[in-house]
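A short worksheet on the structure shown next.
The values are calculated or read from the model by the stated rules, or taken from the named source; none is laboratory data. This structure is a prediction, so every number in the text was calculated from the model and none was measured. Methodologically, a virtual Cβ is constructed for each residue, glycine included, from the backbone with ideal geometry; neighbour enumeration extends over all protein chains shown. Note: areas computed on protein heavy atoms with side chains; ligands, DNA, RNA excluded. Shrake-Rupley method; radii C 1.70, N 1.55, O 1.52, S 1.80 Å.
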Amino acid sequence: MWCWRLAWLLRGSSTRGSLWLPRDTRTVPAAPARSHHTAPESLRCVWHLHGDHLELRYGNTLMRLDFVWLRDHCRSPSCYNSKTNQRSLDTASVDLAIRPQAVRADETTLFLTWPDGHVTRYGLEWLVKNSYEGQKKQVMHPRILWNAEIYRQAQVPSVDCQRFLETDEGLKEFLQNFLLYGIAFVENVAPTKEDTEILAERISIIRETIYGRMWYFTSDFSRGDTAYTKLALDRHTDTTYFQEPCGIQVFHCLKHEGTGGRTLLVDGFHAAEQVLRRAPEQFELLTKVPLKHEYVENVGGCHNHMIGVGPVLNVYPWNNELYLIRYNNYDRAVINTVPYDVVRRWYHAHRALTTELRRPENELWVKLKPGKALFVDNWRVLHGREAFTGYRQLCGCYLTRDDVLNTARLLGLQA
């Protein structure tokens, strides 16, 4: 990916003109470049002053820290409010040509003295964690990628409804499963819309959409969507036609008098990882090309026309970590955002991803029954269903992703 190539270029130029000198903590003049090291050999801190940035090696991490960045992120009481965890310094007041008058480091801390006499102190571990180079090595959201066999062998337990609602331990276990696998189940839920609503509100504010707050879902074609039929539904993510697709979807089957209707689940990130491994240029194209998804509805009193724009795959540019897949062949609009010389390559890339998503070994089939609620990460896991007969009624809702992740972080989970 482009960020890897950028990192390679940076690594290639990182030591040009550098000279690593013995330990020194003297005041550093603005002109000649000097290098200094301190601390034990295992975590030796070595720094080198350049024209507009400080190059600092600590442990196994080589960091390049812009002088403006170093002044802007000062954590002194006059620059940062530790009670509110908010910046107090007016960034616009920082001279864009600023340069420290003095730099020194001990075993744990970097000290910078600025032209106005202000002293900034940074813990070296903090710099490793918060520098660009440090972030590139970190994963924002730890996950376990899975196909059907991997998920079955993991034997991920469902969480009992009472334990989920009444204990932090039950809630934390549920959220850990959800964060790692993108799906999680709660058992022994009373098969009513009201009890499903209580369940959902345990972890998030319910997101109001054009479908309402809590919705019933049956084959009465009450909405202009294939989902409101008895037909099979191919794997897809929901609300791709929203500018921000809904983060989490809750399903609870309240009743089914008939046959069929199993739910299909596919880990979209696992499929995308296979594309990245086999054809990285196609993966990259799916992260770059913006598409429109569209929802047009004129059924009964429901009149909607929604358009969402974004690539099929969304990644964090600094570490290439995938965080959202927007895949729905039903709702994809006319492709008019892609020039002629790109569109055929995009179709090849899309076909490669579709092939992975449709591999039988990647399909997890689940029969939803009354009392068993399913939470799906709509930014990661695709869902579908097989055709069914008889009367089948589901209820559910969408949850705000920020609130779910907030709940997880408050319980000490990385999210």
Checklist outcome for this item: Simple SL model, points at 7 angstrom along Cα→Cβ for Ile144 and Arg351; separation in nm is 3.6 nm
Next on the checklist: Let's test the formula: R0 of 22 Å, r as the Cβ-Cβ distance of Arg213 and Val299. What FRET efficiency results, to the nearest 0.05?
Outcome noted: 0.65
Checklist entry - If each of Arg44 and Glu257 carries a label point 7 Å out from its Cα toward its Cβ, how far apart are those two points in nm? => result 7.9 nm
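Taking 41 Å as R0, compute the FRET efficiency from the Cβ-Cβ separation of Thr108 and Arg277 and round it to 0.05.
Values: r = 40 Å, r/R0 = 0.97.
Efficiency, from the Cβ-Cβ distance: 0.55.
Filter the trypsin sites (Lys or Arg not before Pro) in the stretch 320-415 down to the DSSP loop ones having no more than 14 other Cβ atoms within 10 Å, then list what survives. Display every interim value, and only then the final one.
Values: sites: Arg326, Arg332, Arg344, Arg345, Arg351, Arg358, Lys367, Lys372, Arg380, Arg385, Arg392, Arg401, Arg409; in loops: Arg326, Arg358, Lys367, Lys372, Arg380.
Here the sparse-neighbourhood loop sites are Arg358, Lys367.
Could you give the length gained on full extension between Arg359 and Thr91, defined as 0.36 nm per residue of separation minus the Cα-Cα distance, in nm? Provide the component values of the computation, followed by the final result.
Details: separation 268, 0.36 × 268 = 96.48 nm, distance 5.10 nm.
Taking 0.36 nm per residue and subtracting the Cα distance, the gain is 91.4 nm.
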Next on the checklist: I'd like the accessible area for His305: 1.4 Å probe, protein heavy atoms, all chains in place, Å² to the nearest 10.
Outcome noted: 120 Å²
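Among the listed pairs Lys172/Lys372; Lys292/Lys367; Lys129/Lys372, which are separated by more than 29 Å between their Cα atoms? Write out the running numbers ahead of the final one.
Values: Lys172/Lys372 18 Å; Lys292/Lys367 33 Å; Lys129/Lys372 40 Å.
Over 29 Å apart, Cα to Cα: Lys292/Lys367; Lys129/Lys372.
Mind ranking His252, His53 by accessible surface for me, highest first, 1.4 Å probe?
Sorted descending by solvent-accessible area, the residues read His53, His252.
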Checklist entry - Using a basic spin-label model with each label point 7 Å from the Cα along Cα→Cβ, how many nm lie between Glu166 and Val342? => result 5.6 nm
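Of Cys302, Cys246, which has the most accessible area and how do the rest follow, probe 1.4 Å? All intermediate terms of the calculation are to be shown ahead of the outcome.
Values: Cys302 35, Cys246 0 Å².
The ranking, largest first, comes out as Cys302, Cys246.
With a ≥ b ≥ c taken as the square roots of the eigenvalues of the C-alpha gyration tensor of the stretch 246-368, please select rounded if a/c is under 1.5 and otherwise prolate if a/b is larger than b/c or oblate if it is not? Don't jump to the answer; show the numbers that get you there.
Details: a/c = 2.06, a/b = 1.28, b/c = 1.60.
Since a/c reaches 1.5 but b/c is at least a/b, the shape of the stretch 246-368 is classed as oblate.
At 0.36 nm per residue, minus the direct Cα-Cα distance, what do Ala154 and Gln101 gain on full extension? Give it in nm, one decimal, please.
Values: separation 53, 0.36 × 53 = 19.08 nm, distance 5.64 nm.
Extra length from Ala154 to Gln101 when fully extended: 13.4 nm.
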